[in-house]
Amino acid sequence: MRWVAALQRRRRTMILVALMTTFAGFALILNQPERTALAWVGVPLVAAGAAILVGIVWPAGTRLPEAPPSLASALIRRATWNGRLVRLFPMVGVMMLAADLLYNLKLSASPALQTEDTIVILAASVFIVYGFVPPRFSRERDFVLTFVVALNAILVVPLLLARAWEADFERSVDFYSWVALAPQTSAVLRLVGVQNTVHPVAGATAPGLTFTPQHLGVQVTVVITTACSGIYSFGIFASAFLAFVLTEFKRPATRVWLLLGLGILTAYVANVLRMVIIVLVGYYTDSTGTDLQNMLIAHSYAGWLIFLAWIALFWSVLFRLLPPSNTSPERPGPKKRGVLCGVCGDTLTPALPGSRCVCGMFYHVACASTVGKCRRCHRPIRVRDATAKPQDLEMA
């Protein structure tokens with residue numbers, strides 16, 4: 001409990017750790033590195049991120065009976081006709097599962113479950129259990145719902161619209177690579193002096209990028225499939241970032257929206273640069289024997305780590321620039337000086353009796369009598385008399 005109390009004092013740092021572990025876990029689950037067992041690491045990473053959010057960032061001891069209203073809760077309330085349609089969420093989830101199954105059997109080129117099917121099933125599961133989550137976990141519930149809806153809006157809906165527009169429901173998921181990755185990667189490579197061409201590849205639905213390595217006299221073609229493109233990592237980042245902003249703020253300031261747009265844009269740029277670096281590894285290779293091997297290593301490990309490091313750097317800088325959350329239970333307003341009460345947030349003075357918990361948290365005697373447990377370490381508080389002297393307040 002002392003470790004938990006110490007970590008709770010560094011809330012923004014723990015938010016960063018939770019988002020990064022959750023992001024890494026989902027990225028490993030949805031976009032599994034080839035020929036490695038790293039996908040199994042994704043499950044404990046997601047569990048660790050959830051545990052940090054529930055136990056440290058939004059602990060039960062600092063949560064109101066129902067979390068303060070946020071922009072996400074306001075949007076959900078409006079979309080559900082002031083909450084009246086929430087009871088239909090399980091039906092919506094079942095319909096999503098049925099629709100995905102029928103699509104795979106009747107329209108899809110392959111009936112097997114792909115990454116997009118996993119994303120839809122994840123969203124359907126959230127809709128089914130949403131109404132059964134207790135109100136005291138409303139913040140976490142809204143965060144997860146916003147995350148899965150955004151994930152489907154970024155990765156699934158555009159693909160379905162493109163297939164409907166082309167009247168070709170067997171069109172490959174590599175549509176993303178043709179539109180949002182291969183042309184941009186090619187343009188950046190030309191800027192750094194690497195001549196290349198983007199073209200269709202016989203027997204493949206993904207675009208090919210052909211270049212000539214500096215020390216070799218033969219051309220090399222890299223097929224940029226969606227599974228290798230990092231678009232899933234970008235979608236996970238953008239969805240997590242959007243869900244965080246919507247659940248942390250009730251009325252975000254203009255700079256919050258600007259930072260949100262900047263975050264999504266830089267994540268996309270980082271993904272393009274990731275592909276550029278993979279190609280540059282092959283461009284500067286020493287021999288034909290090491291060309292493919294070096295690019296595979298960069299693709300499976302270096303590229304993913306570069307993107308993850310970029311996102312970690314951006315989030316760490318972002319949390320220093322974001323204004324204070326206006327949905328947290330703490331009292332808003334200018335920072336107060338002196339020792340503050342852990343309940344009301346006002347300064348302790350000789351005129352207002354108070355005491356200190358063994359974990360270091362201070363309370364007014366009158367405020368402590370209304371909560372029952374320490375807001376930081378959750379130890380029971382026993383007050384002999386609301387008008388007693390400070391030493392009469394006991395922390396069990």
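With labels modelled as points extended 7 Å from the Cα through the Cβ direction, what inter-label distance (nm, one decimal) is found for residue 10 paired with residue 190?
4.7 nm
For segment 173-226, what does the alpha-carbon gyration tensor say about shape, rounded, prolate or oblate, given a ≥ b ≥ c as the root eigenvalues, a/c under 1.5 as rounded, and a/b over b/c as prolate?
oblate
Which order do the peptides 74-87, 210-223, 264-277 come out in when sorted by mean C-beta neighbours inside 10 angstrom, highest first?
Highest mean packing first, the order is 264-277, 210-223, 74-87.
What order do you get for 306-314, 147-155 when each peptide is scored by the mean count of other beta carbon atoms within 10 Å, highest first?
147-155, 306-314
Between residue 218 and residue 160, what is the FRET efficiency for a Förster distance of 41 Å, r being their Cβ-Cβ separation, to the nearest 0.05?
About 0.55, to the nearest 0.05.
Using r as the Cβ-Cβ distance of residue 262 and residue 80, and R0 as 25 Å, what FRET efficiency do you calculate, to the nearest 0.05?
0.25
So how much slack lies between residue 347 and residue 319, counting 0.36 nm per residue of separation and subtracting their Cα-Cα distance, in nm?
Value of the extension gain: 7.4 nm.
Which FRET efficiency value, to the nearest 0.05, do you get for residue 54 and residue 269 by plugging their Cβ-Cβ distance into 1/(1 + (r/R0)^6) with R0 = 35 Å?
For R0 = 35 Å, the calculated efficiency reads 0.60.
Determine the relative contact order of segment 103-204: mean sequence separation of Cα pairs under 8 Å and six or more apart, normalised by residue count, in whole percent.
The normalised contact order for segment 103-204 reaches 24 percent.
Every number in this text was worked out from the coordinates using simple rules, so none of it is lab data. These numbers were taken from a predicted model, which means no experiment stands behind them. Glycine gets a Cβ as well: all are built from the backbone with ideal geometry, and neighbour counts include every protein chain shown.
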